[in-house]
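A short worksheet on the structure shown next.
The values are calculated or read from the model by the stated rules, or taken from the named source; none is laboratory data. The structure displayed is predicted, hence computed values, not measured ones. For neighbour counting, all protein chains shown are included, and Cβ atoms are generated from backbone atoms with ideal geometry for every residue, glycine included.
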């Protein structure tokens, strides 16, 4: 499982020209599920993300977590994180999970974030979405389970 995390001042998801959800300060999390992922991967990745200290304190260093700043999370499914471009010019997605496996793990990830008292918004699994963000920093971190 891969999570591309962007620290944001704001982020939103637009589908068919309609904003379906938005957050203010927090994380945009692009979540990719591999065909070998299991529920334990969700649990460990959620724990890492909610405690990841990449928000500034009064000294402007990276000392505060999402929980510390009471930030929100906008979670978007992103199978293309498993795109492999080593051969040719067209990415191969053979390592990405099929939707029958990916969707339940994606929904479990959302639920576990909520269980940790994080305000969560999410895209719609499998939809064509436009993501609008105001990246803060910019700070972008890739985590893998």
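When 8, 42, 13, 69 are checked against the criterion of being over 13 Å from the mean Cα position of the chain (by Cα) and touching a residue at least 40 places away in the same chain (Cβ under 8 Å), a single residue qualifies: 69. The single condition from (1) in a strand (DSSP E or B); (2) in contact (Cβ under 8 Å) with a residue 24 or more places away in the chain that residue 19 fails is (2).
In the set 70, 40, only one residue is modelled with pLDDT of 95 or more, touching a strand residue (DSSP E or B) at 6+ places or on another chain (Cβ under 9 Å), exposed (fewer than 14 other Cβ atoms within 10 Å of the Cβ) and not in a strand (DSSP E or B); that residue is 70. The conditions are (1) closer than 24 Å to residue 9 by Cα; (2) at pLDDT 95 or above, and residue 62 fails exactly one of them. Which is it? With respect to (1) closer than 24 Å to residue 9 by Cα; (2) at pLDDT 95 or above, residue 62 is out only on (2). The single condition from (1) on the phi > 0 side of the Ramachandran plot; (2) touching a helix residue (DSSP H, G or I) at 6+ places or on another chain (Cβ under 9 Å) that residue 105 fails is (1). Within the range 50-61, one or more residues are in contact with a strand residue (DSSP E or B) (Cβ under 9 Å, 6 or more places away or on another chain), outside any strand (DSSP E or B) and surrounded by fewer than 15 Cβ atoms within 10 Å (Cβ to Cβ).
Considering only residues in the range 103-133 that are in contact with a strand residue (DSSP E or B) (Cβ under 7 Å, 6 or more places away or on another chain) and assigned to a helix (DSSP H, G or I), the one that is surrounded by the fewest Cβ atoms within 10 Å (Cβ to Cβ) turns out to be 114. When the range 1-37 is filtered for residues that are buried (at least 17 other Cβ atoms within 10 Å of the Cβ) and out of contact with any strand residue (DSSP E or B) (no Cβ under 9 Å at 6 or more places or on another chain), only 37 remains. Within the range 78-90, can one find any residue that is part of a helix (DSSP H, G or I), surrounded by 15 or more Cβ atoms within 10 Å (Cβ to Cβ) and in contact with a helix residue (DSSP H, G or I) (Cβ under 9 Å, 6 or more places away or on another chain)? Yes; the residues of the range 78-90 include at least one that is part of a helix (DSSP H, G or I), surrounded by 15 or more Cβ atoms within 10 Å (Cβ to Cβ) and in contact with a helix residue (DSSP H, G or I) (Cβ under 9 Å, 6 or more places away or on another chain).
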